[in-house]
Structures are given as structure tokens and as C-alpha cells.
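The values are calculated or read from the model by the stated rules, or taken from the named source; none is laboratory data. All values reported here derive from a predicted model rather than from experimental measurement. Note that each Cβ is placed from the backbone with ideal geometry, even for glycine, and that neighbours are counted across all protein chains shown. Note: areas computed on protein heavy atoms with side chains; ligands, DNA, RNA excluded. Shrake-Rupley method; radii C 1.70, N 1.55, O 1.52, S 1.80 Å.
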Amino acid sequence: MPTSVITANLLTKEYKGFAAVDGISFDVAPGESFGLLGPNGAGKSTTMRMVGAVSTRTSGELSILGLDPNEHGPEVRSQLGVVPQSDNLDMELRVRDNLIVYGRYFGIPRSEVGKKADALLEFAQLSDRAKSKVDDLSGGMKRRLTIARALINDPRILLLDEPTTGLDPQARHILWDRLFRLKEQGTTLLLTTHYMDEAEQLCDRLVVVDKGSIMAEGSPASLIKKYSTREVLEVRFGSERNAQVAEQIAGIGERIEVLPDRLLIYSDNGEAELARITAAGLEPMTSLVRRSSLEDVFLRLTGRSLIE
Amino acid sequence: MTVTLAPVRPEAARRSRFAGSLYAGNARSVVGRGLLATKSTNWAVVVSGFFEPVFYLLSMGIGLGVLVGTVSTGGQQVSYPAFIAPALLAVSAMNGAIYDSTWNVFFKMQYAKTYEGMLTTSLGPLDVAFGEISLALLRGAVYAAGFMVVMQLFGLNLAWTAILALPAVLLIAFGFASLGMAITSYMKTFQQMDWIAFILLPMFLFSATFYPLSVYPEPIQWVIQALPLWHGVELVRGLTTGALSIAMLWHVLYYLVMIAVGLVFTTNRLRALFLD
């Protein structure tokens, strides 16, 4: 049984009496892809900063590769790759130089770092932009360069904070593909996201975080199984009528969630529930049957949707 | 979960590479980054910093010098240009060091997130502070070395000890770079940054740069003697005119303290800002 590469026990971070992270505990095994899922302000980034050894915890225990990041900041950081939420690439340096200089910060010898930079540019599909200015790259390219930069020291754990936020769908898919390759190679990933599809694509296991606390933990599939039904029927009656209709159809499906713009009816057979609604003489403006997602899990656990 | 990673390296081996959480012994990589980044610098700005004291030397030293004649310093009479040139040499070291350690540092800290990026690597805050201060010191040293050449050409190095002015200006540049970065690290707005210029100008004009300290009444002399530039001016003037005295060691000590204070404050501030 491999030992955990990250162990957090009642990890807490307070800012002026406010607990941004309030006693969370989790373990990440080597090679695992672990996610922190939650809305903005849930404490995900603060957790990432503590794991990344750039923020000291207020209380609790934290061990990264067997080391306490409070005591051994530079040592811990030397074995991590960090992709921060907002790109902090070095705008004064060109694309390839960004990798070289970053590698030098880790003390990688000049003779090695050039080869590494070229291999990583290849991986990030940026070889033809080696001499470009960072400013001239697109958002997706900058993100890929940031990921390449985070890999320059052969990190044992890669920390990704909202890796695809702000990217267009195509750029996201390219990025997911790259991250998936890393995962296949056995890189341990710790990522935060507020995108369900991202968590489902990349995470072996995740915790749902809200207001600094962990609400649930498990694989995406097991969380959906535990906290939601197989299918979800979404119906819209117009924002005026949704709440009123919800009372009329009470009893249909296992559970009904009333959102401002639509009703969610949880059931293992969405089509059958839709038939019951129409049989009751109600005609929804639109209807959709879909599989349950982590969004539904989050809604169930917190009573709120992730992206508001 | 099937992948086995390399065993965690033994504690002892890692200890040797990192001295605590502040310093990884790799400030040179920060200097390297700075040198690479200067390729994209606005060179007109850099060069103008060197010429400023040269212009003062020409206008005041040569122009005004005709009216002034000689000045008494360290028990000897020297020409007016030879009196102000060492002061301007100290000023050029200060200018170079301040240029890098204030505005450049401010930009990297507040806007470019350069230090934030550095501190997610195995670098510690002391590596960043030391590297950036070294870079600023380097610019001061380059300005000063250029000015030394100008002085030599004009025959303003009066004694062989003038050669010792080179390490002296390194010390001066180090002091200003260190303190400059420390102060800048506490600045949050452009308005606050303007205060630095507001303090530097009078210090430049009144630190016995263009006339001896003795023209001031005693209380004012105390104030001037508390300021860093006066110590630099006196140190360099003693060396280029050959008027040595044991009291010059106090000037050296002043700068050593300034360097230490700057490093301590900069390191603490970087840690507070980026490693909270």
C-alpha cells in the first residue's frame, strides 16, 4: 500500500478571525488525480496555497511528501508544480526563456534545462512559439505554457487551481487532453474547479467543498450514485409559474428542486416522469432528460448551484 | 494508483540544500533572470541615469568651478571639480541602485507578479531579495565605473587611493539597493512611490555634495550626517582626494548596517506578502 503524498488533517486557515478553510481532512495517494470541487469562495484556493507551501496554516496538520510545508517551504516547493489561478508568466521574457529561467529557480543546471524546455514546449504544443513574446499568446496557449513551466522540475505533485477557467471550449479540450496524458503517465494531480465536467473528466476522487468545509467525498460516479438519481428531468414553465407548478406535481419523481428558471425532477426514469406531468394536464415550455451530474450532487448537498 | 514514485529522498540529503524556509542558496538564478530581462529594457532610460551626474559635473564643476576656485577638504586645497566629482560618483552609484530597486521592484511586485511566481519555486524570500538587490547593485556599479572613467579623463582622481573608490561605490550601491527595495516593498500606490523621489532630490543637493558640510549650522550638520548619501560622499571624497582618515571606517559601517537592515526588512516583507 503506497503512503499518501498529501495528508491534511483538520487543516484550518483563518484570516482575521474568519475561517477561509475550516478543518478539512483528506489524503491523496501517489498517482491519484484528486479534485476540490466547490463554488468561488469555498476555500479551494486557500487550501491549494497551503498545500503549495506558500501559505502557513492556522491549525491542523499538513504533510506534503512527508514534510511539513510550514517548516520546509523551499524543499516542499522543489517537488511541486504549480499552475496558479491567474497566469503569472514572466512577461519580460520570451516563451522558451520563461521555462529556462523557471527551471533555474529550481537549481536545474544550465546544461539540462534547455533540453527540458524544448521537450516541454513540444508537450504544450508551443514549439513554434518558442521565441514569441508571452503577450502575443492566446489565453489557451498561456495556460499551456504555465502548465509546461510547472513541469520543468519533474514535480511529484502537480497543483492546478481552476486550470481552464476563462478558456473557450476548444482551448479547454486541448488542455484536458494534455492533463489526461500527465495522469496516464502517473503524475499526481491535485486540482480545484467549479466545473462539473472538468471534475468528471479528470478526477479519480474528489471532495465537495463549501464554506471552508468538506461536504462529501468519493469518486464522481459514487457521489452521483449516493446523492442523486440516475436521470434528471428539467422542465420550464416560465419563471412566474415554476414554484406553483412544483406544488401541483409534488410526489412525481424522488425529489424536486425548484430553481429560479426551471424545475429539476430527480428520477431513475426521466421520460416516465415527463409522461406523468403531461398526463396531469401540464404542458412545460421546454423539457430535457439528462444524466445526473456533480452539479446535482452539489445542489443536493448545499441547496445552491455551483455557478450562480 | 499503480504508479510507484521514486522513494522520498533522505532527510539529511535535503537539509544540506536548503537553509530553513528563507534561503535556498540560489540567488544567482534571480540575477540571471534580471540580466535576461534587461534585453527588453528601454535602454534610453538606463543610459540617461548614467548621464545625469556627468551633466552636473560639466555644468557645476567646470562652469561654476571657474567662479569658485579651490575648496578646502581634508586639510588640502582641491579644485572645485575635484571636490564635487567624488560626490557625484557616489550619487551615480545611488542612482543606479535606486532605479532598479524602486520602480522596477515596485512594478514586479505589484503588477507583474514576478516575485509571486518565484516564490512558488524552491526559492526562498532571501534568495529573491538578495538576487534583486544584487541586480540593482550591479547597475549602480556600472554607472559608477563609467563615471570613474570620466573622472580619470578630466584628471579628477587626485591620489592612488582613488582605485579604492571602486569597492566603495559597490558598497554604496549595495546599501541603497538594499534599503531601496525594503522601502519599496512597503509601497502600495504610485503616490507613495513619488515620496521616494521627493526625499532623494534634497538628499542629493544638500549632502555636502556641492560644498563642505561646514557651511551649515551645527544642528543642520547633524541632520545631514544622519543621511546615507553624506556618508557615501565623504567616503569616496576621502579616497579620490587622498585625504584618508580612520573615521572613514564609520562610513563603511554605516553602509554595512544599511545593507543588513534592508535585507532583513525585504525578506520579511516578501515572506509576509507572498508566503502568508
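Return the residue satisfying two criteria in turn: it lies in region B:36-53 and is part of a helix (DSSP H, G or I) and within 10 Å of chain A (Cβ to nearest Cβ), and of such residues it is modelled with the lowest pLDDT.
Narrowing region B:36-53 to residues part of a helix (DSSP H, G or I): B:36-40, B:43-53.
Pick out the ones that are also within 10 Å of chain A (Cβ to nearest Cβ) and you get B:36-40.
On the way: B:LEU36: 92, B:ALA37: 90, B:THR38: 85, B:LYS39: 78, B:SER40: 73.
Of everything passing the filter in region B:36-53, B:SER40 is modelled with the lowest pLDDT.
Could you tell me which residue of region A:279-297 is surrounded by the fewest Cβ atoms within 10 Å (Cβ to Cβ), considering only residues that are small (Gly, Ala, Ser) and under 10 Å from A:SER228 (Cα atoms)?
A:SER293
Select, from A:ARG276, A:ARG300, the only residue that is open to solvent by 70 Å² or more (accessible area, probe 1.4 Å), touching a Ser or Thr at 6+ places or on another chain (Cβ under 8 Å), part of a helix (DSSP H, G or I) and of a type outside the set (A, V, I, L, M).
Going through A:ARG276, A:ARG300 in turn, just one is open to solvent by 70 Å² or more (accessible area, probe 1.4 Å), touching a Ser or Thr at 6+ places or on another chain (Cβ under 8 Å), part of a helix (DSSP H, G or I) and of a type outside the set (A, V, I, L, M): A:ARG300.
Check whether at least one residue in region B:67-74 is open to solvent by 40 Å² or more (accessible area, probe 1.4 Å), touching a strand residue (DSSP E or B) at 6+ places or on another chain (Cβ under 7 Å) and not acidic (Asp, Glu), and report yes or no.
Checked region B:67-74: at least one residue is open to solvent by 40 Å² or more (accessible area, probe 1.4 Å), touching a strand residue (DSSP E or B) at 6+ places or on another chain (Cβ under 7 Å) and not acidic (Asp, Glu).
Of everything in region A:208-241 that's in a loop (DSSP other than H, G, I, E, B) and at positive phi, which residue is least open to solvent (accessible area, probe 1.4 Å)?
This residue is A:GLY212.
Return the residue satisfying two criteria in turn: it lies in region A:256-273 and is open to solvent by 50 Å² or more (accessible area, probe 1.4 Å) and out of contact with any helix residue (DSSP H, G or I) (no Cβ under 6 Å at 6 or more places or on another chain), and of such residues it is nearest to A:GLU200 (Cα to Cα).
Looking at the filtered set, the residue picked out is A:ASP268.
Which of the residues that make up region B:111-133 are more than 7 Å from chain A (Cβ to nearest Cβ), farther than 17 Å from A:MET91 by Cβ and open to solvent by less than 10 Å² (accessible area, probe 1.4 Å)?
B:PRO125, B:ASP127, B:VAL128, B:ALA129, B:GLY131, B:ILE133
Just the residues that are surrounded by fewer than 19 Cβ atoms within 10 Å (Cβ to Cβ) and either within 14 Å of chain B (Cβ to nearest Cβ) or without any contact (Cβ under 8 Å) to a residue 24 or more places away in the chain (or both), please, taken from region A:160-182.
Listed by number, the residues that qualify are A:PRO169, A:HIS173, A:ASP177, A:PHE180, A:ARG181.
For region A:113-157, how many residues meet the condition of being in contact (Cβ under 8 Å) with a residue 40 or more places away in the chain and assigned to a helix (DSSP H, G or I)?
11
Among the listed residues A:PHE26, A:PHE18, which satisfies the condition of being open to solvent by 30 Å² or more (accessible area, probe 1.4 Å) and more than 30 Å from A:LEU137 (Cβ to Cβ)?
Details: A:PHE26 fails: open to solvent by 30 Å² or more (accessible area, probe 1.4 Å).
Matching residue, one of A:PHE26, A:PHE18: A:PHE18.
Filter region A:86-145 down to the residues that are within 9 Å of chain B (Cβ to nearest Cβ), surrounded by 15 or more Cβ atoms within 10 Å (Cβ to Cβ) and of a type in the set (Ser, Thr, Tyr) and list them by number.
If the condition is that a residue be within 9 Å of chain B (Cβ to nearest Cβ), surrounded by 15 or more Cβ atoms within 10 Å (Cβ to Cβ) and of a type in the set (Ser, Thr, Tyr), then A:TYR102, A:TYR105 are the ones that fit.
Do we find a residue being touching a residue at least 12 places away in the same chain (Cβ under 8 Å) and either assigned to a loop (DSSP other than H, G, I, E, B) or surrounded by 10 or more Cβ atoms within 10 Å (Cβ to Cβ) (or both) anywhere in region B:214-223?
Scanning region B:214-223 turns up no residue that is touching a residue at least 12 places away in the same chain (Cβ under 8 Å) and either assigned to a loop (DSSP other than H, G, I, E, B) or surrounded by 10 or more Cβ atoms within 10 Å (Cβ to Cβ) (or both).
Conditions: (1) out of contact with any strand residue (DSSP E or B) (no Cβ under 6 Å at 6 or more places or on another chain); (2) in contact (Cβ under 8 Å) with a residue 12 or more places away in the chain; (3) not small (Gly, Ala, Ser). B:ILE246 meets all but one. Number of the miss?
Of (1) out of contact with any strand residue (DSSP E or B) (no Cβ under 6 Å at 6 or more places or on another chain); (2) in contact (Cβ under 8 Å) with a residue 12 or more places away in the chain; (3) not small (Gly, Ala, Ser), only one is false for B:ILE246: (2).
Considering only residues that are out of contact with any strand residue (DSSP E or B) (no Cβ under 8 Å at 6 or more places or on another chain), assigned to a loop (DSSP other than H, G, I, E, B) and open to solvent by 10 Å² or more (accessible area, probe 1.4 Å), which ones fall in region B:157-196?
B:ASN157, B:ALA159, B:TYR186, B:MET187, B:LYS188, B:THR189
What number of residues within region A:158-201 are in a loop (DSSP other than H, G, I, E, B), among the β-branched types (Val, Ile, Thr) and over 17 Å from A:PRO84 (Cβ atoms)?
We begin by selecting, within region A:158-201, every residue in a loop (DSSP other than H, G, I, E, B); these are A:162-168, A:185-187, A:194-195.
From what is left, the residues that are among the β-branched types (Val, Ile, Thr) are A:164-165, A:187.
Now restrict to residues that are over 17 Å from A:PRO84 (Cβ atoms): A:187.
So the answer is 1.
Specify the residue that is nearest to A:ALA8 (Cα to Cα); the eligible residues are those in region A:65-79 that are buried (at least 21 other Cβ atoms within 10 Å of the Cβ) and more than 7 Å from chain B (Cβ to nearest Cβ). Explain how you work it out, then say what you get.
If we filter region A:65-79 for residues that are buried (at least 21 other Cβ atoms within 10 Å of the Cβ), which is where we start, we get A:65, A:69, A:72-79.
When the remaining residues are screened for being more than 7 Å from chain B (Cβ to nearest Cβ), the result is A:69, A:76, A:79.
On the way: A:PRO69: 11, A:VAL76: 15, A:GLN79: 17 Å.
My answer is A:PRO69.
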